[in-house]
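Heads up, the thing below is written out as structure tokens.
Where a number appears in this text, it was derived from the coordinates with a stated rule and is not lab data. None of these values were measured; they are calculated from a predicted model. Here the Cβ positions follow ideal geometry from the backbone for every residue, glycine too, while neighbour counts run over all protein chains shown.
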């Protein structure tokens, strides 16, 4: 399946070839793969090319279905909650980023000058996004089997029953502690770092008006959770 308005650029043939080597798959339409490894910054200052954002959207759903099916079949005794915990742990941003980095995908990403001049400050999130985009590219070019084969090759070894145990929600735990002590807690986003397509948020949590924790995250909720986790260290001491 071809993508509309996508034209393969031979200038990036070496990166496309490297990506094919990592995937273990030869694309019928290399243009799809080029889009999957193209960072949004590559379109600056003019929209030169398509980038991985739309493929990332599709790949997220496909990857989720592949992992859901795998854990469903592998652990027939686990309930919905346990299966969900395993799936969420595997398709989380940090897991995908780490696996993509280990596979060498960083060397394949096509960045624009704005990112190159900042030493690719958004590499961590870019790796996660490209991983999902690659799943979508495999699906569009070859169907579900190439997508499933590569996804499970990368994430299959990480599947574990231990992941079925839900990690605590730091915001909920902190709320329980402060309420029990008749304290109040509130969160504030104090900074936003990076371009709009790759933003990092900085949050603080105040307990009875005093800052007790600070954290960063790709989303406001993630930053608040990180701040709560930092505050919990103080309370637990």
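For the reader, a short list of remarks on this structure follows.
- Listed residues 170, 76, 195, most fluctuating in the chain (Gaussian network, C-alpha, under 10 Å): 76
- In plain terms, the residue of 210, 233 with the fewest other Cβ atoms within 10 Å comes first and the most crowded comes last, giving 210, 233.
- For segment 145-176 versus segment 182-237, the gap between their alpha-carbon centres in whole angstrom: 23 Å
- Using alpha-carbon coordinates, inclination of helix 123-142 to the longest axis of the chain, degrees: 40 degrees
- To the nearest ten degrees, helix 170-180 and the longest principal axis of the Cα atoms of the chain are 10 degrees apart.
- Neighbour counts of C-beta atoms inside 10 Å place 131, 235 in the sequence 235, 131, starting with the fewest.
- Selected from 132, 186, 34 as most flexible by GNM, with the chain as the system and alpha-carbon contacts under 10 Å: 186
- Between helix 53-74 and the chain there is an angle of about 70 degrees, using the helix long axis and the longest principal axis of the Cα atoms.
- Annotation: segment 170-236 has a Kirkwood hydrodynamic radius of 11.8 angstrom, from the mean reciprocal C-alpha pair distance.
- Label point distance in nm, residue 165-residue 210, each placed 7 Å from Cα along Cα→Cβ: 3.3 nm
- Amide N of segment 194-233 lying under 15 Å from the label point, which is placed 7 angstrom from the Cα of residue 101 along Cα→Cβ: 218
- Among 216-229, 150-163, the order from most to least packed when residues are scored by Cβ within 10 Å on average: 216-229, 150-163
- Likely footprinting exposure, 140, 232, 78, fewest C-beta neighbours within 10 Å first: 78, 232, 140
- Given their separation in residues at 0.36 nm each and the Cα-Cα distance between them, residue 179 and residue 65 gain 37.1 nm when the chain is fully extended.
- Quotient of C-alpha Rg and 2.2 N^0.38 Å, computed over the chain: 1.16
- Per residue of the chain, the DSSP helices (runs of n ≥ 4 H) give a summed -39500 (n - 2.57) that works out to -16500 deg cm²/dmol at 222 nm.
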